[in-house]
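Step one of this worksheet: look at the structure below.
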Amino acid sequence: MQSTWENIVEMDMSESGVRPVTLRELMEMGLDLEAMLNMPLGYSQSNGTIALRDSLALHYPGATPDHIEVTNGTSEANYLLALALLSPGDEAALEVPNYMQFGGVPESLGAKVNRFRLRIDQDWEPDWEEFDRAVNQRTRLLYLSNPNNPTGSVLSVDAMQRIVARCEAMGTYLLADEVYLGAEIHRERTRSFWGMSDRAIVTSGLSKAYGIPGVRIGWMVGPKDVVEACWSQHDYITIGPNKLSDAVAQVAVKAANREKLYARTRAILQHNLPIVREWAAGFGRFLTFREPQAGALCLMRYHSGTPSYELCERIRVQQSVLTVPGAHLGLEGFIRVWLGGKPEFLTEGLRRIGTELRKETLRKESARG
């Protein structure tokens, strides 16, 4: 749905990162565009240059360049891990709601997907009975996102430790998608799953907290044998990231620049969140809005019986605004809207969405009596 309409609608409110960084901003952080003009456009190192992997390893205590593979975005890192670790007859566990890549990829590889819910009534912590059923002795791989897409919630340390302990007991690899780590709005930096277990693998990238989605750089950090297996898969898919993107990433992930980019993201989100808060409050009990702790996404529950896809299609057709139906995230009765745009864009997008939501409230009242 997003791929089909995001470049056609007047307003794309289905985005999930902050408005992107420019090359000029990166030049101010040390990107040498003049030197890049003389760069031969040959193949880059297929698992990421040593210079980039060296820099990334500094962010993951105990990691070396051999623990890291650089990919074309975080989603490719996740995909490679599925290819390397899952076989027909395996089981994979999926936290929902979520970025739903692992709702389909394991099934395409012949694996069964076991879902477990995050509970809104328990501050988006896992339903532990469902979790224990999902992560069993046949479960090869568990996928979760932390901070979570689409809720913007962050797992407690106790929950993280309980998840790790279960994975170790069952012999399950834990894949933690941490692409929103660093996009915290008011809270402290999210703890990484890296280093909590020998079976923990983390993925991340430049798209969300860094605000640089267009260069398509992601990475995985995991056991050397798993990363090596993924590298073999990578050679037959996209081979590797391009040289220009690798050069941009080397600048972005330097410690000082990373903190500047994270601070930029935080400032955007802190400025925009009150705009969404005030807008949502204007709908009274029709909308339930649990504010995100991290990420440029706002998940809202609406109180009517209209399916979320139908509602979002109505918003798209009538208002030329693209939003994300909860059904596409594993949670019906919700919509997800963007938090990371320019304030004037955000305000107008919300106004248009609100026009259709008010029509929905009138339909609901009319049906009642």
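The values are calculated or read from the model by the stated rules, or taken from the named source; none is laboratory data. Just so it is clear, the model here is predicted, and its values are computed rather than measured. Quick reminder, even Gly has a Cβ in these numbers, built from the backbone with ideal geometry, and neighbours come from all protein chains shown. Please note that ligands, DNA and RNA were not included when accessible areas were found on the heavy atoms of the full protein model with its side chains. Shrake-Rupley method; radii C 1.70, N 1.55, O 1.52, S 1.80 Å.
Looking across the range 231-263, the residues that are open to solvent by 50 Å² or more (accessible area, probe 1.4 Å) and polar (S, T, N, Q) come down to S232, Q233, T238, N242, Q250.
Residues checked against (1) small (G, A, S); (2) crowded, with 18+ Cβ neighbours inside 10 Å; (3) modelled with pLDDT under 95; (4) closer than 30 Å to Y309 by Cα:
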position	(1), (2), (3), (4)
E15	no, yes, no, yes
V18	no, yes, no, yes
L23	no, no, no, no
A35	yes, no, yes, no
A77	yes, yes, no, yes
L80	no, yes, no, yes
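Within the range 271-288, the presence of at least one residue that is in contact (Cβ under 8 Å) with a residue 40 or more places away in the chain, surrounded by 18 or more Cβ atoms within 10 Å (Cβ to Cβ), more than 25 Å from the chain's Cα centre (by Cα) and assigned to a loop (DSSP other than H, G, I, E, B) is confirmed.
Taken residue by residue, the range 57-72 has no member that is open to solvent by 10 Å² or more (accessible area, probe 1.4 Å), of a type in the set (V, I, T), out of contact with any Lys or Arg (no Cβ under 8 Å at 6 or more places or on another chain) and not in a loop (DSSP other than H, G, I, E, B). Taking the range 1-11 as the range and being farther than 24 Å from Q293 by Cβ and not β-branched (V, I, T) as the test, the residues that pass are M1, S3, W5, E6, N7, E10, M11. Taking first residues from the range 1-28 that are more than 20 Å from T347 (Cα to Cα) and partners that are assigned to a loop (DSSP other than H, G, I, E, B) and among the β-branched types (V, I, T), the Cβ contacts under 7 Å between residues at least 6 apart in sequence or on separate chains come to V21/I212.
For the range 133-147, name all the residues that are buried (at least 16 other Cβ atoms within 10 Å of the Cβ) and touching a helix residue (DSSP H, G or I) at 6+ places or on another chain (Cβ under 8 Å).
We begin by selecting, within the range 133-147, every residue buried (at least 16 other Cβ atoms within 10 Å of the Cβ); these are 134-135, 139-147.
Matches in the range 133-147: V135, T139, R140, L141, L142, Y143, L144, N146.
The listed residues are N78, N98, and the only one of them that is outside any helix (DSSP H, G or I), among the polar types (S, T, N, Q) and under 14 Å from the mean Cα position of the chain (by Cα) turns out to be N98.
With I315, I275, I237 as the choices, which residue is over 24 Å from W124 (Cα atoms), in contact with a Ser or Thr (Cβ under 8 Å, 6 or more places away or on another chain) and β-branched (V, I, T)?
Details: I275 fails: over 24 Å from W124 (Cα atoms); I237 fails: in contact with a Ser or Thr (Cβ under 8 Å, 6 or more places away or on another chain).
Residue meeting the stated conditions: I315.
Checked against (1) at negative phi; (2) open to solvent by less than 10 Å² (accessible area, probe 1.4 Å), V215 meets all criteria but (2). Selection of the range 148-169 for residues being more than 19 Å from A209 (Cβ to Cβ), surrounded by 15 or more Cβ atoms within 10 Å (Cβ to Cβ) and of a type outside the set (A, V, I, L, M) yields R162, R166, C167, E168.
Taking the conditions (1) surrounded by 23 or more Cβ atoms within 10 Å (Cβ to Cβ); (2) in contact with a Gly (Cβ under 9 Å, 6 or more places away or on another chain) in turn, R266 satisfies each one other than (1). Of all residues in the range 217-229, those that are over 15 Å from T49 (Cα atoms) and in contact (Cβ under 8 Å) with a residue 40 or more places away in the chain have Cβ atoms under 8 Å from Cβ atoms of residues that are part of a loop (DSSP other than H, G, I, E, B) and of a type in the set (D, E), 6 or more apart or on another chain, in P223/D198. When V227 is tested against (1) over 14 Å from A82 (Cα atoms); (2) open to solvent by less than 30 Å² (accessible area, probe 1.4 Å); (3) among the hydrophobic types (A, V, I, L, M, F, W, C), only condition (1) is not met. Among the residues of the range 163-200, those identified as under 17 Å from A82 (Cβ atoms), without any contact (Cβ under 8 Å) to a residue 40 or more places away in the chain and not in a loop (DSSP other than H, G, I, E, B) are C167, L174, A176, A200.
With the requirement that a residue be closer than 19 Å to R53 by Cβ and crowded, with 20+ Cβ neighbours inside 10 Å, what does the range 183-208 give you?
Within the range 183-208, the subset closer than 19 Å to R53 by Cβ is 192, 194-195, 200-207.
Hits for the range 183-208 are W194, A200, I201, V202, T203, S204, G205, L206, S207.
Kindly indicate whether any position in the range 272-286 is closer than 17 Å to G349 by Cβ and among the charged types (D, E, K, R). For the range 272-286, residues closer than 17 Å to G349 by Cβ and among the charged types (D, E, K, R): present.
With respect to being over 26 Å from the mean Cα position of the chain (by Cα) and either small (G, A, S) or at pLDDT 95 or above (or both), E356 fits the description.
Scanning the range 327-338 for residues that are modelled with pLDDT under 95, buried (at least 23 other Cβ atoms within 10 Å of the Cβ) and touching a Pro at 6+ places or on another chain (Cβ under 9 Å) turns up at least one hit. Applying the selection to the range 37-54, what residues are part of a helix (DSSP H, G or I), open to solvent by less than 30 Å² (accessible area, probe 1.4 Å) and farther than 17 Å from V227 by Cα? Correct list: empty.
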